[in-house]
Amino acid sequence: MSTENLTICWEKLDRLGAEVSKNLNLRKAFADDPARFARFQVTQDDLFIDYSKNLITDDVMAALRELAETANVENWRERMFAGDRINITENRAVLHTALRNLDGNPVMVDGKDVMPDVKDVLVRMKRFAARVHTGDWKGHTGKAITDVVNIGIGGSDLGPVMVNEALRPYHIDGIRCHFVSNVDGAHIVDTLKDLDAETTLFIIASKTFTTDETLTNAYSARDWLVGLLKDEGAVAKHFVAVSTALDKVAEFGIDTNNAFGFWDWVGGRYSLWSAIGLPIILAVGYEKFEELLRGAQAMDNHFRSAPLDRNIPVTLALIGVWYRNVLGASSQAILPYDQHLSRLPAYLQQADMESNGKSVTRDGKPIYYETGPIIWGEPGTNGQHAFYQLIHQGTELIPVDFIVAANALNPLANHHDKLVANCFAQAEALMRGKTEAEVRDELAGGNLTPAEIDVLAPQKIFAGNKPSTMILYKQLDPFTLGRLVAMYEHKIFVQGIIWNVNSYDQWGVELGKQLAKELLPMVQGNETADSRDASTAGLIHQLHALRG
Ligand code: F6P
């Protein structure tokens with residue numbers, strides 16, 4: 001990639017940015033151009049992305065695609081799929097795509113095809129889940145399992161939590177999945193309160209099997225179980241593990257026959273497709289998990305084969321780059337109109353912010369442009385009654401992804417029609433706004449005096465011209481969920497390439513972990529805090545004062 005050519009691309013985009021900021025009015029753009037909707041859409045089967053309500057023109061999209069070409073996105077994409085060690089700081093391949101390459105070609109890492117191992121773990125998980133579902137897997141006292149508690153954090157939690165919630169209509173009767181992540185004891189205490197040790201199975205999920213929160217919760221879970229069943233031997237029937245570090249699993253005391261492995265080429269935040277998905281299989285059954293994988297595989301194939309102008313992840317990524325680097329947006333809202341996607345924003349926070357929250361280039365040079373945005377959101381319609389005010393009338397530019405299914409899985413009276421109407425209405429309202437003339441017209445129909453109208457009118461104006469993308473599909477089944485998640489994974493990948501960051505490491509989480517270890521003995525009163533900065537030392541003294 002030539003820096004000079006990239007500079008030319010960015011200069012062009014900056015010029016277009018100035019032009020768009022000054023001249024583009026979306027309401028007018030739709031009125032003037034009946035083909036705008038048809039031109040700015042990308043699809044994959046029933047997955048339909050309308051990006052016509054964004055602050056873009058044909059020239060902008062062409063310039064963004066030129067940027068993608070100049071940044072060699074397609075070449076990097078092939079390197080990722082081929083197992084090149086593109087995670088350079090950890091010297092690892094990035095191959096979560098191999099986990100859903102169910103009927104594809106061999107995938108080679110260090111001269112070895114990884115697919116037989118991938119398939120072997122899938123078969124083992126399938127068998128294990130079938131034993132749990134049929135009651136063949138018995139707890140220590142001979143009872144079948146009714147409750148599964150996944151103990152993990154970050155990528156070993158957020159994916160399964162999100163999918164478990166998203167696929168609620170597919171849950172198998174008789175098994176409930178719970179998730180414990182926080183080292184705050186309240187999380188595990190609240191979760192275990194209503195569970196029966198005899199029928200509870202713990203999955204200890206940790207890629208590294210060194211994460212303090214997970215191990216702390218795992219030891220507390222073991223104490224709880226052994227305390228209630230009064231036998232250390234009970235652990236074997238109630239604990240399984242998911243990890244890349246099977247030696248550490250054994251050290252913890254879990255039989256490695258009851259452990260499901262994955263590999264260092266699966267990043268934590270890209271791991272729900274691996275054995276980390278075990279709680280998903282237990283919740284919805286292996287077949288549905290495979291449908292999820294097949295959905296992701298379909299998106300992988302689309303990402304690899306669709307030309308840039310019809311490529312969904314590329315298009316979403318480029319629009320994101322446009323807002324972040326040219327129009328100055330600092331965040332991206334993810335607003336699913338689907339209660340079952342309530343954890344998707346949190347999931348994407350890790351996927352995106354841990355991947356692209358970087359300020360040095362792949363070769364370690366400081367970055368002077370914006371990289372990953374803040375990702376946030378809540379399901380609609382709830383958000384409408386909370387933070388949408390700021391999106392409509394605040395001073396921040398906040399691009400929005402609306403996500404909605406055409407059909408409800410649990411149709412109930414006219415709920416789904418109202419949900420969809422609200423979703424489309426918000427996108428329309430953001431785009432159109434309401435002019436002063438429209439506001440005054442409306443107010444004139446009431447009982448207000450002209451002076452009262454003068455006071456009220458400015459408050460009721462909506463500037464409009466607020467961008468959004470509509471992601472619409474037939475229904476939220478496992479296949480579509482797989483497509484959606486893979487779509488965002490690849491969007492993040494493309495943006496990482498354009499920003500020239502390594503999207504697959506996360507050194508930024510290390511310092512806090514290191515300092516927490518140092519502070520623990522001070523919090524416990526076993527060491528003095530005098531060596532710390534005045535604020536930290538003062539807080540520790542205050543903590544002890546409050547503890548009495
Ligand atoms: O602290 C960040 C992180 O390393 C994430 O990237 C990861 O998903 C999470 O911790 C959990 O790590 P592990 O699966 O190794 O316990």
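The values are calculated or read from the model by the stated rules, or taken from the named source; none is laboratory data. Keep in mind that this is a model prediction, so the values were computed, not measured. No Cβ is skipped: glycine too gets one built from the backbone with ideal geometry, and neighbour counts run over all protein chains shown.
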**OP:** Kindly indicate which of LEU318, LEU278, LEU341 is crowded, with 23+ Cβ neighbours inside 10 Å, within 16 Å of the ligand (Cβ to nearest atom) and in contact (Cβ under 8 Å) with a residue 40 or more places away in the chain.
**Re:** LEU278
Original post:
Does any residue of segment 255-277 turn out to be touching a Phe, Trp or Tyr at 6+ places or on another chain (Cβ under 8 Å) and more than 18 Å from VAL163 (Cβ to Cβ)?
Top reply: yes
Original post:
Out of (1) within 16 Å of the ligand (Cβ to nearest atom); (2) closer than 15 Å to ASN87 by Cβ, the odd one out for ILE497 is which?
Top reply: (1)
Original post:
Which helices (runs of 4 or more DSSP H) does segment 236-353 wholly contain that include 3 or more residues that are modelled with pLDDT of 95 or more and in contact with a Lys or Arg (Cβ under 6 Å, 6 or more places away or on another chain)?
Top reply: 286-305, 312-321
Subject >> Single condition MET470 does not satisfy, out of (1) farther than 20 Å from GLY383 by Cα; (2) surrounded by 12 or more Cβ atoms within 10 Å (Cβ to Cβ) >> reply: (1)
Subject >> Answer residue from segment 213-240, given it is acidic (Asp, Glu) and more than 22 Å from TRP137 (Cβ to Cβ) and is farthest from the ligand (Cβ to nearest atom) among those >> reply: ASP223
Original post:
How do the pairs read when you match residues in segment 17-42 that are within 17 Å of ILE319 (Cβ to Cβ) with residues anywhere that are part of a loop (DSSP other than H, G, I, E, B) and modelled with pLDDT under 95, using Cβ under 7 Å and keeping only pairs 6 or more apart or on different chains?
Top reply: none
**OP:** State which residue is nearest to the ligand (Cβ to nearest atom) when the search covers only segment 241-275 and only residues that are among the hydroxyl-bearing types (Ser, Thr, Tyr) and either closer than 23 Å to VAL189 by Cα or touching a residue at least 40 places away in the same chain (Cβ under 8 Å) (or both).
**Re:** SER271
Original post:
Where residues in segment 478-529 are among the polar types (S, T, N, Q) and buried (at least 24 other Cβ atoms within 10 Å of the Cβ), which of them is nearest to VAL360 (Cα to Cα)?
Top reply: SER503
**OP:** Give me a count of the residues in segment 157-212 that are in contact (Cβ under 8 Å) with a residue 24 or more places away in the chain, away from the ligand (no atom under 16 Å from the Cβ) and part of a helix (DSSP H, G or I).
**Re:** 12
**OP:** Report yes if GLY377 is within 17 Å of the chain's Cα centre (by Cα) and within 28 Å of TYR170 (Cβ to Cβ), otherwise no.
**Re:** yes
